[in-house]
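Asker: Shown below is the structure under consideration.
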Amino acid sequence: MLVAAAVLVAGCAHAPRDRTAAVVRSDAPIEWAPWAKASFAQAAGENRLILVNVVATWCHWCHVMEDTTYEDPEVVALLRDHFVTIRVDSDARPDVAERYRDWGWPATGVLSPAAQPVLELRGYQQPRAFAKLLRELVADRDRGRLAHREAPAPKAAAGDVALDAIRERTAARLDRFYQPDGGAWATQQRYPAPGPIEHALIRARIDGDAASAKQATTTLTSALALVDPVFGGMYQYSTDGDWKHPHFEKITAIQAGAIRNYALAYRYDGDARWLGAAKDVARFMTTIMYEPERGFATSQDADLRVPGKPPVLGAQYYAKDNAGRRALGIPRIDDNVYADLNGMMIEALCDLYAASGEREAIDIAVATAQRIMQTHGTKTGAFRHGAADTGLMYLRDQIAMGRAMLALARTTGDATWIDHADRTGAFMLASLQDDAGGFFAHTADPDAVGVFALRRKPLEENGTAARFLAALHRHLDGDGSQETPYLAAAERALRSLGDPQTVEAEGQIIGHYLLGLREVTMATVDVTIVGDLGKADATAALHAAALRLPEPRAVIEIGRPGDRYPDIGKPAAYLCTPTACSTPITKPENFAAIADAFIRTSLPQP
């Protein structure tokens, strides 16, 4: 289980104010305040406790708690009289979501009037127990006994510990969470978590680890039970320690991870089931969740909720065929378009194109990237979370769009995408990097108070940041002659968070940090297709063969004849490792076998 990483300090209790004249209207709804400076100022000025309710539009238990607990007269009266109540959409505010994600949705945070944390609650809260807890909190405040948690002592950075050693230690920790009965790196719930699956596939390729390959394919096979056979798409997870009890919400981040993992698995072993699953998930995203003029939506609800009618729960709704579902209606779609989720989908569609060669996937990826750059991009190379956002810039958005642009460069052969990624990487170093190493979850917030004034460096996001920056370095570096600041920044980020206690505190949610460690420590296989991609079919065929190669160390680019490699009169592919370069490969049908043999002989083998 994850534990909180918020930094806390002790606070002083305020004298209670006279409330004898307050009029309690238990039949009035709770007034949810926004996450804003004025809301926290009200709490401080009126000595009110703060209740933060973090929800998601797709969340079943959020809806249940709204209909029951937050309609209970006693709960309503207590909250209205003693609290500033703030509700936050977790998808809209990545900074708040990162702080409270350890408690699932709905997450409930209670803070002092000075915005110092008192406690956090996980999931649905039953009305009677919740009311009792609220009364106790109010009494503690009024007696000056409100408890604040002490700030944990900061963990020392990993210092000069080799990143290979941190990687091996982290991989061994993740291995302990693997469930061989049906697969998944989990405890009770079974998630198709993309990070551990991808790491297992990469470890199988680079290290020749058959056990890792089995872990990945076992989990991917089991997760097929979560793919909706009617609309397509993947349900978020399964309960009861198996894959047979799905929670039916469809989250864009889950869809992107599933497309990428199934497309990658197909490239590894050619099993048609994997490509079929990737296409089924993509079908849902490109039909139900996509608007060409806007981009990809955020999520679809687990249940069908129609005003004035009882809800149709997901288990009933998704058991029906297409006609039966459409006769009832379509579960609510959160149509907000966020940069991070669209970046994930762009990268996923690039991976699908690499596996399938189907043009629609890359066409949608390119169109979406161009749209998001117009609507969410800034002159600095950064990306806003939502098109209309004017405040914080989030690490998640920069990483996802940066990786998307590198994926587009790889799959289209258009190097201008690398230039765009370079600007985003430069923004990250200038505005999100900590001088001590690592990256903050967001830019500095001048309005933040209490614990929220202390910016955090989340482990998983830093792992993905390091992965992006290391890949950006390799794309810019090419033949090793160009200096960039990105690889060193990636290494500092990973090392700054590599203390064993820091990693251990994240439980099993370390897959993306581990992928960052793998990216930074693995060798580069430079693949250059020499020819004109727009004019020569043979160039395109060699490029397609290179994209299909399941080689995570590969950096694929298009080169002009005579620039870096000689013009031999026809399109050719060249591979280079730190120790050797291949002879030209001119036949696409021979590319995979020659490339595999060259990589085996020119790179150290396990």
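None of the figures in this text is laboratory data; all of them are computed from the coordinates on show. Note that the structure is predicted; figures quoted are calculated from it, not measured. As a convention, Cβ positions derive from the backbone with ideal geometry for all residues, glycine included, and neighbour counts pool all protein chains shown.
Asker: What is the sum of charges around Ala172, taking Lys and Arg as +1, Asp and Glu as -1, for the other residues whose C-beta is under 15 Å from the C-beta of Ala172?
Answerer: Here the count lands on -1.
Asker: Taking the Cα centre of the chain as origin, work out the dipole magnitude from +1 charges on Lys and Arg Cβ and -1 charges on Asp and Glu Cβ, in debye rounded to 20.
Answerer: 560
Asker: A further question on this structure: On average over all directions, what projected area in square nanometres does the range 261-361 have, based on the convex hull of its Cα atoms?
Answerer: 7.8
Asker: Non-local amide H neighbours of Glu249 (under 5 Å, H modeled in plane, Pro and chain starts lacking H): which ones?
Answerer: Amide H to amide H, under 5 Å and 5 or more residues apart or across chains, Glu249 pairs with Gln236, Ala302.
Asker: Let me ask another. Tally Lys and Arg at +1 and Asp and Glu at -1 over the other residues with C-beta under 15 Å from the C-beta of Ala409: what net charge comes out?
Answerer: Residues near Ala409 contribute -4 overall.
Asker: Run the numbers for Glu46 and Lys535: contour at 0.36 nm per residue of separation, minus the present Cα-Cα distance, in nm.
Answerer: Details: separation 489, 0.36 × 489 = 176.04 nm, distance 7.08 nm.
Going from the current span to full extension adds 169.0 nm.
Asker: Each residue of the range 538-554 in turn: what ³J(HN,Hα) in whole Hz from Karplus with 6.51, -1.76, 1.60 and θ = phi - 60°, glycine and Pro shown as x?
Answerer: With the stated coefficients, the range 538-554 comes to 5, 4, 4, 5, 5, 4, 4, 5, 5, 5, 6, 5, x, 10, x, 8, 7 Hz.
Asker: Could you work out how far apart the two model spin labels at Ala430 and Arg176 are, taking each label as a point 7 Å from the Cα in the direction of the beta carbon, and quote it in nm?
Answerer: 4.3
Asker: Using all Cα-Cα distances in the range 526-602, what percent lands in each 10 angstrom bin from 0 up to the longest?
Answerer: 20, 59, 20, 0
Asker: Trypsin sites (Lys or Arg not before Pro) within the range 521-606: which are DSSP loop residues with at most 16 other Cβ atoms inside 10 Å?
Answerer: In loop regions of the range 521-606 (DSSP not H, G, I, E or B), the sparsely surrounded trypsin sites (Lys or Arg not before Pro) are Lys535, Arg564.
Asker: Related question: Using the alpha-carbon atoms, what tilt in degrees (0 to 90, nearest 10) does helix 252-269 show relative to the longest principal axis of the chain?
Answerer: Around 30 degrees separate the two axes.
Asker: Two decimals, Cα atoms only, Kirkwood Rh: what is Rg/Rh over the range 467-606?
Answerer: Taking Rh as the inverse mean 1/r over Cα pairs, Rg/Rh reads 1.05.
Asker: If you don't mind, there's one more thing I want to ask. Among [x] 25.4, 92; [y] 31.5, 103; [z] 28.9, 99, find the value of Rg and Dmax of the Cα atoms in Å that was calculated from the structure presented, and write down its label.
Answerer: [x]
Asker: Filter the GluC sites (Glu not before Pro) in the range 472-550 to those in DSSP coil with at most 11 other Cβ atoms within 10 Å of their Cβ, and list the result.
Answerer: Numbers: sites: Glu483, Glu491, Glu504, Glu506, Glu519; in loops: Glu483, Glu506.
Answer in residue order: Glu483.
Asker: Something else: Going down the list Lys279/Lys309; Lys37/Lys379; Lys279/Lys457; Lys379/Lys570, which pairs span over 29 Å between their C-alpha atoms?
Answerer: Too far apart for the 29 Å limit: Lys279/Lys309; Lys279/Lys457; Lys379/Lys570.
Asker: For Ala186, list long-range residues whose amide hydrogen, built 1.01 Å from N in the peptide plane, is under 5 Å from its own amide hydrogen.
Answerer: Excluding prolines and chain starts, which carry no amide H, the hits are Gln179.
Asker: Roughly how many nanometres apart are two label points built 7 Å out from the Cα toward the Cβ at Asp445 and Gln501?
Answerer: Taking the two extended label points, one gets 2.7 nm.
Asker: If you take every residue apart from Tyr318 with its C-beta less than 12 Å away from the C-beta of Tyr318, what net charge results, scoring Lys and Arg +1 and Asp and Glu -1?
Answerer: Working: positive: Lys250, Lys320, Arg325; negative: Asp228, Glu249, Asp301, Asp303, Asp321.
Here the count lands on -2.
Asker: Report the FRET efficiency, 1/(1 + (r/R0)^6), for Arg326 and Lys214, where r is their Cβ-Cβ distance and R0 is 30 Å, rounded to 0.05.
Answerer: On the way: r = 40 Å, r/R0 = 1.34.
Efficiency, rounded to the nearest 0.05: 0.15.
Asker: Just to verify a number: FRET efficiency for Gln374 and Arg145, C-beta to C-beta distance, R0 = 56 Å, to 0.05?
Answerer: Efficiency, from the Cβ-Cβ distance: 0.55.
Asker: Nearest 500 deg cm²/dmol is fine: what mean residue ellipticity at 222 nm does the chain get from its DSSP H runs of n ≥ 4 alone, each adding -39,500 (n - 2.57), divided by its residue count?
Answerer: Counting only the DSSP helices, I get -14500 deg cm²/dmol.
Asker: Pull out a ≥ b ≥ c, the square roots of the eigenvalues of the alpha-carbon gyration tensor of the range 128-236, then state rounded if a/c is under 1.5, prolate if not and a/b is larger than b/c, and oblate in the remaining case.
Answerer: oblate
Asker: Rounded to the nearest 0.05, what FRET efficiency do Lys587 and Asp207 have when you use their Cβ-Cβ distance and R0 = 41 Å?
Answerer: 0.90
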